[in-house]
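Following: one structure in structure tokens, then a few remarks.
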Amino acid sequence: MDIIEQLERTKAETLKYFDLTDADLLKTYGPGKWSVRYLLHHLTDSETVFYYRIRRVLSEPKQVIWVYDQDAWAKALDYSTTPLALAKSIYASSRGGNMHYARLHYERSHELTFVHSETGLRTLKDEFDKIVSHNQHHVDDINKALQGPSS
């Protein structure tokens, strides 16, 4: 499966969760873990961060890109009250942008590098691949939450 198919697949699977009931959005995949609502907001914010990083590396290769504090974002951006309809729209448009750049640059993206403040030297290809693996990881978390007991 190529990168565009993977991006399309995880996008389609993720978008359907934005329309869950409030009861399902409160479910978690384990004690002390984020609720489905929080996971969806996190995926949205992550998608925007990936979009920024990709555009930054394409425009200014060899940058240092700083990690973001996902817990600080969740708290400061108040994931509990931010409308999911807004997040859904932002997620979809950011993913559309990421797919656009993947179509244009994925094949040569192993040549474009940047330094991630925590993980070190990375390529743009790594970042495109991370979008898929990160999204799939949290889709799996959402599926666990929906199948298991609510916390």
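Here Ser109 does not fit the description of being within 16 Å of the chain's Cα centre (by Cα) and in a helix (DSSP H, G or I). All conditions but one from (1) outside any strand (DSSP E or B); (2) more than 23 Å from Leu7 (Cα to Cα) apply to His100; the one that does not is (2). Just to be sure before I move on: is Ser94 part of a helix (DSSP H, G or I) and farther than 25 Å from Lys144 by Cβ in the structure I sent? No; evaluated as a whole, the condition is false for this residue. The set of residues from region 112-134 being in a helix (DSSP H, G or I) and among the β-branched types (Val, Ile, Thr) comprises Ile131, Val132. Taking Asp140 as the residue in question, decide whether it is out of contact with any helix residue (DSSP H, G or I) (no Cβ under 9 Å at 6 or more places or on another chain) and either assigned to a helix (DSSP H, G or I) or within 24 Å of Asp22 (Cα to Cα) (or both). Against the criterion (out of contact with any helix residue (DSSP H, G or I) (no Cβ under 9 Å at 6 or more places or on another chain) and either assigned to a helix (DSSP H, G or I) or within 24 Å of Asp22 (Cα to Cα) (or both)), Asp140 qualifies. The single condition among (1) aliphatic (A, V, I, L, M); (2) within 24 Å of Ala12 (Cβ to Cβ); (3) surrounded by fewer than 20 Cβ atoms within 10 Å (Cβ to Cβ) that Ala87 does not meet is (3). Beta carbons closer than 8 Å, at least 6 apart along the sequence or on distinct chains, never pair a first residue in region 61-82 that is touching a residue at least 40 places away in the same chain (Cβ under 8 Å) and surrounded by 14 or more Cβ atoms within 10 Å (Cβ to Cβ) with a second that is part of a strand (DSSP E or B) and basic (Lys, Arg).
Bear in mind these aren't lab numbers, they're just calculated from the coordinates by the rules spelled out. Fair warning: this is a prediction, and the values are worked out from it, not measured in the lab. We place every Cβ from the backbone using ideal geometry, glycine too, and count neighbours over all the protein chains shown.
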